[in-house]
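Undergrad: Supplied in structure tokens, the structure appears directly below.
The values are calculated or read from the model by the stated rules, or taken from the named source; none is laboratory data. On a predicted model such as this, the values are computed, not experimentally measured, just so you know. Every residue, glycine among them, receives a Cβ derived from its backbone with ideal geometry; neighbour counts consider all protein chains shown. Areas reflect the complete protein model, heavy atoms only, side chains present, ligands, DNA and RNA absent. Shrake-Rupley method; radii C 1.70, N 1.55, O 1.52, S 1.80 Å.
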Amino acid sequence: PWIQLSEFPDWRSVAVWAAEIYDYREPPSAELKAEIDRLRNSSPRPEDRVISALRFVQRSVRYLAVSMGSHSHQPNPAGLVLRRLYGDCKDKSILLCALLRGMGIEARPAFVNTEACHTLAEWHPSADAFDHVIVQVRLDGNVHWLDPTLSHQGGRLGAVFLPAYERALVIDPAADGLSVIPVTGKDPSRREIRETFTC
């Protein structure tokens, strides 16, 4: 048996709280501007730019969580993450969003619970209901969910694998509840090899 207590009346209140601590209004650093320009010039196709930004964050920014003080919930500014080239899921997501927004692509961080998945809808709304941050991208009328902490991902934008997180709270003051993340099935880049040895 277990019990849940929460100070939030609904998921929208959680989204409003998160939007305040994820909102950095300082101008982008010179390094961040340079990386945005590099990505913008990498391809004329927006979907290819999204993939280039995702791969840059996945491959170049080392995952390292330092969850102390305010940074147990608040990400570091995108410019600092880029300069350090390390950060946790919050930091990597805020950097990916900054790169995409700099290219005029709509992107927002989103909270997920990697264990509760779809049963999260049965929980009381709470900021403590989540253990991971990913990114929601809207492009040409389509919604894409990307995890900048994963590695060795290939393929085009519409085929990027995402684990079955199933529910997310997009960090947006206008979010009125949990979003459903479609389950994509097996990772198309995964290969299973079975070998049988007979003596």
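Undergrad: Whole Å is fine, so just give me how far the alpha carbon centre of the stretch 1-62 lies from that of the stretch 123-166.
TA: The distance from the Cα centre of the stretch 1-62 to that of the stretch 123-166 comes to 11 Å.
Undergrad: Let me ask something additional. Residues of the stretch 44-71 with amide nitrogen under 20 Å from the 7 Å Cα-to-Cβ point of R156?
TA: Within reach of a label on R156, which here means backbone N under 20 Å from a point 7 Å along Cα→Cβ, the stretch 44-71 contributes 44-56.
Undergrad: Under the rule of -39500 (n - 2.57) per DSSP H run of 4 or more residues, summed and divided by the residues of the chain, what mean residue ellipticity at 222 nm is obtained, to the nearest 500 deg cm²/dmol?
TA: Values: 5 runs with 58 residues, N = 199.
Helix-only estimate at 222 nm: -9000 deg cm²/dmol.
Undergrad: Compute the FRET efficiency between T184 and S13 as 1/(1 + (r/R0)^6), taking r as their Cβ-Cβ distance and R0 = 22 Å, and round to the nearest 0.05. Mind showing how you got there, number by number?
TA: Details: r = 30 Å, r/R0 = 1.36.
Using R0 = 22 Å, I get an efficiency of 0.15.
Undergrad: Hey, another quick one. Using only the Cα atoms of the chain, what are the Rg and Dmax in Å?
TA: 17.8, 67
Undergrad: So for R156, R194, R83, what's the accessible-area order with a 1.4 Å probe, most first? Each step should come with its number before you reach the end.
TA: Values: R156 165, R194 210, R83 145 Å².
Descending order: R194, R156, R83.
Undergrad: For the pair E26 and Q4, how long in nm is the line joining their label points, each one 7 Å along Cα→Cβ?
TA: 3.6
Undergrad: Please identify the GluC sites (Glu not before Pro) of the stretch 83-122 that satisfy two criteria: DSSP loop assignment and at most 10 other Cβ atoms within 10 Å. Which are they? Display every interim value, and only then the final one.
TA: Numbers: sites: E106, E115, E122; in loops: E115.
Those that pass, being in a loop and sparsely packed, are E115.
Undergrad: Which of V137, V66, V50 moves the most in a Gaussian network model of the chain with Cα springs under 10 Å?
TA: Maximum among the listed residues: V66.
Undergrad: Return the equivalent ellipsoid semi-axes of the stretch 50-163 as a descending list in whole Å, where each equals the square root of 5 times an eigenvalue of the C-alpha gyration tensor. Present the calculation step by step, with values, prior to reporting the outcome.
TA: On the way: eigenvalues 89, 73, 33 Å².
Output for the stretch 50-163: semi-axes of 21, 19, 13 Å.
Undergrad: While we're looking at this one, here's another question. For labels at N142 and D48 in the simple 7 Å Cα→Cβ model, what's the distance in nm?
TA: In this crude label model, N142 to D48 measures out at 1.5 nm.
Undergrad: Further question: Be a star and scan the stretch 1-19 for residues whose amide nitrogen sits under 11 Å from the point 7 Å along the Cα-to-Cβ vector of D128.
TA: Flagged as within label range: 3-7.
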